[in-house]
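Quick notes on the structure that follows.
The values are calculated or read from the model by the stated rules, or taken from the named source; none is laboratory data. Not measured: the values here are computed from a predicted model. For neighbour counting, all protein chains shown are included, and Cβ atoms are generated from backbone atoms with ideal geometry for every residue, glycine included. These accessible areas exclude ligands, DNA and RNA; they are computed on the full protein's heavy atoms, side chains included. Shrake-Rupley method; radii C 1.70, N 1.55, O 1.52, S 1.80 Å.
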Amino acid sequence: MKKILIPICLLVFQMTHAQKNMHLALTPPMGWNSWNTFATQINEKLILETADILVAKGMKDAGYTYLVLDDAWMASERNSNGDLQADPIKFPHGMKYIADYIHSKGLKFGLYNCAGTKTCAGYPGTRGYEYQDARFYASQEIDYLKFDWCNTEGIDAKEAYKTMSLALKKTGRPIVFSLCEWGTHKPWLWADSIGHLWRTTGDIGIKWEGLKNQGDWSANSVMKIVDFQEPLRKYAGPGHWNDPDMMEVGNGLKPEEDRSHFSLWCMMAAPLFLGNDLRKMSLETLKILTNPLAISIDQDSLGIPGFRLSQKDSLETWVRPLKNHSMAICFLNRSSKPISLDYDWKINPIQDDISKMDIDFKKDTFTITEVWGKIGSKNTKKNLKKTILPHDNVLLILTK
Ligand code: GLA
């Protein structure tokens, strides 16, 4: 019986996981993406400079390895063979030149396209060219593909993304596959064997709460995305992540909001994609984005996203289980007034069905390490006291 069972199990595994390289993205991918700041205004100089800064400012060492060119890197037409081609004005030396430069810096290279007939910005889409485009990407030595969902009328989302995933797999080149269909067809229910991350919502905007009016569409604020994604935590884990979009840290939110935005992305085990102009980044922004403790939370090898433990008078308490029975705790002030936190650990036990975490602070004492500042509190024996500014947060790592 055993002799038959093992091959069948293997076959089922191969069938369900055939579409992607499983070992990629065991922790959430980290990098930079051109869209949030530059939209279609990208060019060779900007990308090479960004690669230089990722290395020079220690961002690569902090974990930001993928440099992803979003929409509008292409010429408006395919070439006579039907291959995609780089915009000759923006990228006069072509994409392989960019890839080689990025790889020479020890970074990885990502490109963008769309499952539809055209990209969102109107450039040639991949519909009908999946295998040809995958071969092109492999020939350019890309390491990451973001695949969008504009101009896809009448297409089945799962089939479209599966086809592209299979095409990438067929090239033999390990390529992280990022699904960007804005959560429209609930990719968390079907994409874990197809891609490594999937967007859960429409696009992010530079706003803390609510929606940001962009003329003919509305962008989501940081907190709108957080509220939407939090209940989806059970669908994410090593190799398959909920993606709340590239970050807006450094793009005009208040420093407290930038800190909270970053803390929450780390608490949710989000892919961390910088969306700011690295050439103009302040030291404060750099410090937020490269905080090693915050990043260690995001990159925790268990890969269990955090959850909201409680919400009282605009104070949210978030918990994320970490390896070695540690945990991250984030106290978030969502209101526009300061909050005086006086947190009695002993009357706030933690239980989590997903990670099976069960903590009673009356029985167990944890050592506290603070991520953003100094609270002076060393462990969970005494109450934690601190004033939290509007939209700011206190982020802690608790170890036994
Ligand atoms: C969509 C995506 C964005 C970006 C743009 C490019 O809106 O969600 O992240 O890729 O397209 O046109």
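Quick check: is even one residue across the stretch 76-89 among the small types (Gly, Ala, Ser), touching a residue at least 60 places away in the same chain (Cβ under 8 Å) and part of a loop (DSSP other than H, G, I, E, B)? Can you show your working first?
Pass one, the stretch 76-89, residues among the small types (Gly, Ala, Ser): 76, 80, 82, 86.
This time we only want the ones that are touching a residue at least 60 places away in the same chain (Cβ under 8 Å), so: none.
There is no residue in the stretch 76-89 that is among the small types (Gly, Ala, Ser), touching a residue at least 60 places away in the same chain (Cβ under 8 Å) and part of a loop (DSSP other than H, G, I, E, B).
So how many residues does the stretch 152-184 have that are open to solvent by 60 Å² or more (accessible area, probe 1.4 Å) and either β-branched (Val, Ile, Thr) or within 14 Å of the ligand (Cβ to nearest atom) (or both)?
Number satisfying all stated conditions: 2.
Filter the stretch 25-65 down to the residues that are farther than 18 Å from Ile204 by Cβ and either outside the structural domain of Asn242 (by TED's automatic domain parsing) or under 14 Å from the mean Cα position of the chain (by Cα) (or both) and list them by number.
Answer for the stretch 25-65, where residues must be farther than 18 Å from Ile204 by Cβ and either outside the structural domain of Asn242 (by TED's automatic domain parsing) or under 14 Å from the mean Cα position of the chain (by Cα) (or both): Ala25, Leu26, Thr27, Gly63, Thr65.
Working carefully through the options Val319, Val249, find the one that is within 14 Å of the chain's Cα centre (by Cα), open to solvent by less than 10 Å² (accessible area, probe 1.4 Å) and under 30 Å from Asp342 (Cα atoms). Full working, then the answer.
Working: Val319 fails: within 14 Å of the chain's Cα centre (by Cα).
Unique residue meeting the criteria: Val249.
Suppose we filter Asp358, Asp352 for residues that are open to solvent by less than 80 Å² (accessible area, probe 1.4 Å) and at pLDDT 95 or above; which single one remains? Walk me through how you get there before you give the answer.
Working: Asp358 fails: open to solvent by less than 80 Å² (accessible area, probe 1.4 Å).
Only one candidate passes the filter, namely Asp352.
Would you check if Asp133 is surrounded by 21 or more Cβ atoms within 10 Å (Cβ to Cβ), more than 20 Å from the chain's Cα centre (by Cα) and at pLDDT 95 or above?
On the way: surrounded by 21 or more Cβ atoms within 10 Å (Cβ to Cβ): yes; more than 20 Å from the chain's Cα centre (by Cα): yes; at pLDDT 95 or above: yes.
Yes: the conditions hold for Asp133.
Go through the residues of the stretch 187-206 one by one and say whether even a single one is open to solvent by 60 Å² or more (accessible area, probe 1.4 Å), away from the ligand (no atom under 16 Å from the Cβ) and out of contact with any Phe, Trp or Tyr (no Cβ under 8 Å at 6 or more places or on another chain).
Looking for residues that are open to solvent by 60 Å² or more (accessible area, probe 1.4 Å), away from the ligand (no atom under 16 Å from the Cβ) and out of contact with any Phe, Trp or Tyr (no Cβ under 8 Å at 6 or more places or on another chain), one finds none in the stretch 187-206, hence no.
I need the full set of residues from the stretch 128-161 which are part of a loop (DSSP other than H, G, I, E, B) and out of contact with any strand residue (DSSP E or B) (no Cβ under 6 Å at 6 or more places or on another chain), in order please.
Here is the first cut: in the stretch 128-161, the residues part of a loop (DSSP other than H, G, I, E, B) are 128-129, 140-143, 149-156.
Hits for the stretch 128-161 are Gly128, Tyr129, Gln140, Glu141, Trp149, Thr152, Glu153, Gly154, Ile155, Asp156.
Pull up the stretch 101-118, narrow it to residues that are out of contact with any Leu (no Cβ under 8 Å at 6 or more places or on another chain) and open to solvent by less than 70 Å² (accessible area, probe 1.4 Å), then point me to the one that is nearest to the ligand (Cβ to nearest atom). Break it down into steps so the answer makes sense when it comes.
First, the residues of the stretch 101-118 that are out of contact with any Leu (no Cβ under 8 Å at 6 or more places or on another chain): 103-104, 106, 114-118.
So of that shortlist, the ones also open to solvent by less than 70 Å² (accessible area, probe 1.4 Å) come out as 103, 106, 114-116.
Details: His103: 23, Gly106: 25, Cys114: 8, Ala115: 12, Gly116: 11 Å.
Per the stated criteria, the residue is Cys114.
Within the stretch 259-270, is even one residue assigned to a helix (DSSP H, G or I), over 21 Å from Thr50 (Cβ atoms) and aliphatic (A, V, I, L, M)? Step through it out loud before you land on a result.
Here is the first cut: in the stretch 259-270, the ones assigned to a helix (DSSP H, G or I) are 259-267.
Among the residues that remain, those that are also over 21 Å from Thr50 (Cβ atoms) are: 259-260, 263-264, 266-267.
If we keep only those that are aliphatic (A, V, I, L, M) as well, we get 264, 267.
Yes, the stretch 259-270 has at least one match.
When the residues of the stretch 19-45 are narrowed to those that are among the aliphatic types (A, V, I, L, M) and within 16 Å of the ligand (Cβ to nearest atom), which ends up surrounded by the most Cβ atoms within 10 Å (Cβ to Cβ)? First the steps, then the outcome.
Taking the stretch 19-45 as the starting set, the residues that turn out to be among the aliphatic types (A, V, I, L, M) are 22, 24-26, 30, 39, 42.
Now drop any that are not within 16 Å of the ligand (Cβ to nearest atom), which leaves 39, 42.
Details: Ala39: 12, Ile42: 21.
For the stretch 19-45, the residue satisfying everything is Ile42.
Filter the stretch 240-275 down to the residues that are polar (S, T, N, Q) and either at pLDDT below 95 or out of contact with any helix residue (DSSP H, G or I) (no Cβ under 6 Å at 6 or more places or on another chain) (or both) and list them by number.
Let us first name the residues in the stretch 240-275 that are polar (S, T, N, Q), namely 242, 251, 260, 263.
Passing the criteria: Asn251, Ser260, Ser263.
Here are Ala121, Ala72: which of them is open to solvent by less than 10 Å² (accessible area, probe 1.4 Å) and within 16 Å of the ligand (Cβ to nearest atom)?
Details: Ala121 fails: open to solvent by less than 10 Å² (accessible area, probe 1.4 Å).
Matching residue, one of Ala121, Ala72: Ala72.
Which number in (1) within 15 Å of the ligand (Cβ to nearest atom); (2) in contact with a Gly (Cβ under 6 Å, 6 or more places away or on another chain) marks the one condition that Arg127 misses?
(1)
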